[in-house]
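Here's the structure, in structure tokens; my notes come after.
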Amino acid sequence: MDNSKNEAMVVIENVSKHFGHVRAVNNVSLKIKSGEVVVIIGPSGSGKSTLLRCINFLEIPTDGDIWVDGIHLSKKTKNINAVRREVGMVFQQFNLFPHLTALQNITIAQRVVRKRSKQEAIEVARQQLQRVGIPEKEGVYPGQLSGGQQQRVAIARALAMNPKVMLFDEPTSALDPEMIKEVLDVMLDLAKEGMTMVVVTHEMGFARNAADRVIFMDEGSVVEDTTPHDLFNNPSHERTKLFLSKILK
Amino acid sequence: MNQTTDTSEIPSTQGQITDSLAQLPWWILILALGAIVLVIIFINDQTYHEIFAFLRDGIIVTIRVTIIAYAFAITFGLIAGLGRVSTNPIIYNLATLYVQIMRGLPILVTLLYVSFVIIPLVITQINVFGNYLASINLLPADNVLALLGDRRAGLEVNFEIRAIIALAISYGAFSAEIFRAGIESIGRGQMEAARSLGMNYFEAMRHIILPQAVRRVLPPLGNDFIAMLKESSLVSALGVQDITQLGRLYSASSFEYLKTYNMVAFMYLSMTILLSLGVKVMETRLKTDG
């Protein structure tokens with residue numbers, strides 16, 4: 001294994017994912033350094049969510065290799081759970097566990113996967129709820145929380161596992177407009193604290209303010225991979241210009 | 001003529017009254033009334049006293065068979081239900097084979113087949129195994145395995161046990177389908193969230209999917225329990241002395257068919273209707289909880 005794979009937090013090499021005849025992701029290679037915030041944008045159906053889900057093997061790539069923190073993932077990987085616990089994931093639909101309270105949502109994986117004591121898990125959970133700004137909601141079931149609060153609990157749940165990378169799959173797309181900010185603020189704080197983040201989003205403001213790199217994907221391929229300043233001010237590809245002209249007024 | 005205009009002018013209150021009258025659970029009232037009448041008749045009739053005394057032990061047998069068989073049935077059902085949602089083709093096909101065979105057989109046939117074919121075969125095999133262990137001096141010659149099924153050794157597998165095993169195997173297939181439906185009703189995102197936190201498949205099933213799925217299938221499982229209570233009357237075909245069998249014995253010797261079967265029907269109905277009201281309460285509770 002060459003050295004670059006050890007230095008980078010996430011290495012994606014020639015990854016493809018096909019669903020039948022549909023090529024959702026087509027031969028993509030990327031490197032994400034520790035502490036880097038990478039935002040992936042692109043039209044719907046461009047494969048950005050599928051690529052993100054390949055990083056923790058929720059989708060198993062048809063071809064190619066992935067390294068997370070130096071651990072190689074391939075089709076035959078047996079230690080997939082060892083990798084997943086180092087990679088936090090936040091979903092568009094939150095996917096909180098409705099039969100558990102906010103606090104229990106955050107403690108369950110710590111106890112089952114990290115084998116932490118009940119006391120320790122609760123302590124960590126309370127810290128994380130504090131961090132996302134809703135410590136008073138610990139005894140509440142997800143059904144009684146607003147969308148923004150649910151998503152913040154979901155972020156706290158992922159953070160409680162002390163992940164090395166956080167993946168965000170359109171975290172604000174299912175939210176009412178007035179709740180988007182509270183979730184983005186939490187994500188901005190995380191970025192400032194130096195968390196390695198890969199974010200699929202349509203929030204161009206977040207990409208501008210928090211991203212170290214913005215990647216534009218279309219039809220399963222990386223079209224552009226550059227700084228937010230360059231991407232928004234002088235995109236080099238026609239397809240990027242077309243997409244930006246539609247999404248920015 | 002006037003009457004037609006009159007009724008159309010006051011339809012609201014009258015309509016409401018007939019509506020709310022129609023909403024009343026009349027069937028419960030009629031049943032309760034019938035039950036009261038029957039109980040009064042029972043109390044004042046010496047023959048009914050005798051019939052009740054004769055059938056009393058049968059109630060215990062019926063309840064015992066139902067509860068034990070049901071406990072095993074939901075255990076088998078949970079295992080087979082998990083097999084039915086498994087992505088492992090061997091496990092999936094084994095579970096599906098079991099469910100299809102058991103659902104395709106009349107329960108009476110299953111009872112007879114298990115009692116007179118499967119269990120004697122299994123006992124013989126266990127005897128052979130026990131004798132083999134004795135022959136290589138691992139166990140004494142009179143070990144439990146070698147003597148299983150032997151009446152003189154007190155190890156007879158009686159027909160109540162056989163009936164319980166048969167009912168459990170049969171009903172396991174029905175509850176397997178209930179568990180499968182419950183598990184499949186939980187959105188894919190729940191499994192993905194659990195797996196993305198590093199849980200393996202079994203941890204995610206146990207801590208995330210099953211607790212939600214079991215809650216959803218409690219009402220149909222309750223209905224299965226009621227069905228099991230009724231179906232347990234089939235064990236009378238094996239001579240197990242449940243309510244039905246004792247009723248058959250009593251009526252055959254006394255020729256009191258009407259009164260005996262009145263009592264038999266009354267006993268089953270009072271148990272099943274109470275249980276179905278319990279399931280209804282459970283259903284509405286789960287609904288209001290969301």
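Leaving out ligands, DNA and RNA, calculate the buried accessible area for the pair A and B with a 1.4 Å probe, summed over both sides, in Å² to the nearest 100. Could you put the intermediate results ahead of the total?
Details: alone 11800 and 17600 Å², together 27750 Å².
The contact between B and A buries close to 1600 Å².
What does the convex hull of the alpha-carbon atoms of region B:150-190 project to on average, in nm²? Before the final figure, lay out each step's value.
Details: hull surface 16.8 nm².
Value for region B:150-190: 4.2 nm².
Take peptide B:209-220, look around each residue's Cβ out to 10 angstrom, count Cβ atoms belonging to other protein chains, and average those counts. Intermediate results must be reported in sequence, preceding the final value.
Details: counts 1, 0, 3, 4, 0, 1, 2, 0, 0, 0, 0, 0.
The mean count of partner-chain Cβ atoms within 10 Å per residue comes to 1.
Per-residue Cβ counts within 10 Å, from other chains only, averaged over A:89-99: what number is that? Numbers along the way, then the final one.
Working: counts 5, 2, 4, 1, 5, 2, 10, 3, 8, 7, 7.
Per-residue shielding by partner chains comes out at 5.
Counting only protein heavy atoms and using a 1.4 Å probe, what share of the accessible area of chain B belongs to carbon plus sulfur, as a whole percent? Please list the in-between numbers first.
Details: 11220 of 16750 Å².
Roughly 67 percent, rounded to a whole number.
Starting from the coordinates of the alpha-carbon atoms of region B:1-155, obtain the Kirkwood hydrodynamic radius over all distinct pairs and give the value in Å to one decimal.
Numbers: mean 1/r = 0.0433 Å⁻¹.
Roughly 23.1 Å, rounded to one decimal.
Name the lysines eligible as straight-distance cross-link partners of A:LYS31: C-alpha to C-alpha under 17 Å, and not fewer than 8 places from it in the same chain.
A:LYS5, A:LYS48, A:LYS164
Where in region A:143-171 does accessible area fall by at least 20 Å² between the isolated chain and the complete protein assembly, at a 1.4 Å probe radius?
A:ARG157
With each run of n ≥ 4 DSSP H residues scored as -39500 (n - 2.57), what mean residue ellipticity at 222 nm is computed for chain A after dividing by its residue count and rounding to the nearest 500 deg cm²/dmol?
Only helices count here, giving -11000 deg cm²/dmol.
To check my understanding: the extent here is largest minus smallest coordinate of the Cα atoms along each principal axis. What are those three numbers for region A:203-249, in Å, largest first?
Principal extents (largest minus smallest coordinate, Cα): 25, 22, 18 Å.
I'd like the orientation of helix B:119-135 relative to chain B: the angle between its Cα long axis and the longest Cα principal axis, in ° from 0 to 90, rounded to 10.
30 degrees
Rounded to whole Å and sorted largest first, what semi-axes of the equivalent ellipsoid does the C-alpha gyration tensor of chain A yield via the square root of 5 times each eigenvalue?
On the way: eigenvalues 172, 101, 50 Å².
Equivalent ellipsoid of chain A: 29, 23, 16 Å, largest first.
Compute the helix-to-body angle for A:177-192: its Cα long axis versus the longest principal axis of chain A, expressed 0 to 90° and rounded to tens.
80 degrees
For Cα pairs less than 8 Å apart in space and 6+ apart in sequence, what is the mean separation divided by the residue count of region A:63-161, i.e. the relative contact order in percent? Walk me through the numbers before you get to the answer.
Details: 101 pairs, mean separation 34.7, N = 99.
Averaging sequence separation for qualifying contacts and normalising by length gives 35 percent for region A:63-161.
Hey, what did chain B get for relative contact order, percent, Cα under 8 Å, at least 6 apart?
Answer for chain B is 25 percent.
As I understand it, the value is the acute angle between the Cα axis of helix A:238-247 and the longest principal axis of the Cα atoms of chain A; what does it come to in degrees, rounded to 10?
With both axes taken from Cα atoms, the answer is about 40 degrees.
Give me the three principal axis extents of region A:57-125 from the C-alpha atoms, as integers in angstrom, largest value leading.
On the principal axes, region A:57-125 reaches 41, 27, 16 Å in Cα extent.
May I ask you to list the GluC sites (Glu not before Pro) in region A:94-195 that are in a DSSP loop and have at most 10 other Cβ atoms within 10 Å of their Cβ?
Working: sites: A:GLU120, A:GLU123, A:GLU136, A:GLU138, A:GLU178, A:GLU182, A:GLU193; in loops: A:GLU138, A:GLU193.
Within region A:94-195, the qualifying GluC sites (Glu not before Pro) (loop, at most 10 other Cβ atoms within 10 Å) are A:GLU193.
Quick one: net charge around B:GLY239, please, counting Lys, Arg +1 and Asp, Glu -1 for every other residue with C-beta under 11 Å from its C-beta.
On the way: positive: B:ARG162, B:ARG248; negative: B:GLU160, B:ASP242.
Around B:GLY239, the charge tally is 0.
Hey, what does the equivalent ellipsoid look like for the protein assembly as shown, semi-axes from the Cα gyration tensor as sqrt of 5 times each eigenvalue, largest first, whole Å? Walk me through the intermediate numbers first.
On the way: eigenvalues 738, 257, 80 Å².
They are 61, 36, 20 Å, listed from largest to smallest.
At 1.4 Å probe size, with the rest of the protein present, what percent of the exposed accessible area of region A:124-249 is carbon and sulfur atoms?
47 percent
For the protein assembly as shown, what is the accessible area per residue in Å² when the probe is 1.4 Å? Can you show the working numbers first?
Details: 27750 Å² over 539 residues.
In whole numbers, the protein assembly as shown has 51 Å² accessible per residue.
Roughly how compact is chain B, stated as its Cα Rg over 2.2 N^0.38 Å to two decimals?
Details: Rg = 26.0 Å, N = 290, 2.2 N^0.38 = 19.0 Å.
Cα-based Rg divided by the globular estimate yields 1.37.
On average, how many beta carbons from a partner chain sit within 10 Å of the beta carbon of a residue in B:187-195? Don't skip to the answer; put the middle values down first.
Working: counts 3, 2, 6, 5, 2, 8, 14, 6, 7.
Rounded to a whole number, the mean comes out at 6.
The values are calculated or read from the model by the stated rules, or taken from the named source; none is laboratory data. Quick caveat, the model's predicted, so the values are computed rather than measured. So basically every Cβ, Gly included, is an ideal-geometry build from the backbone, and we count neighbours across all protein chains shown. These area figures cover heavy atoms from the full protein model, side chains too; ligands, DNA and RNA do not enter into them. Shrake-Rupley method; radii C 1.70, N 1.55, O 1.52, S 1.80 Å.
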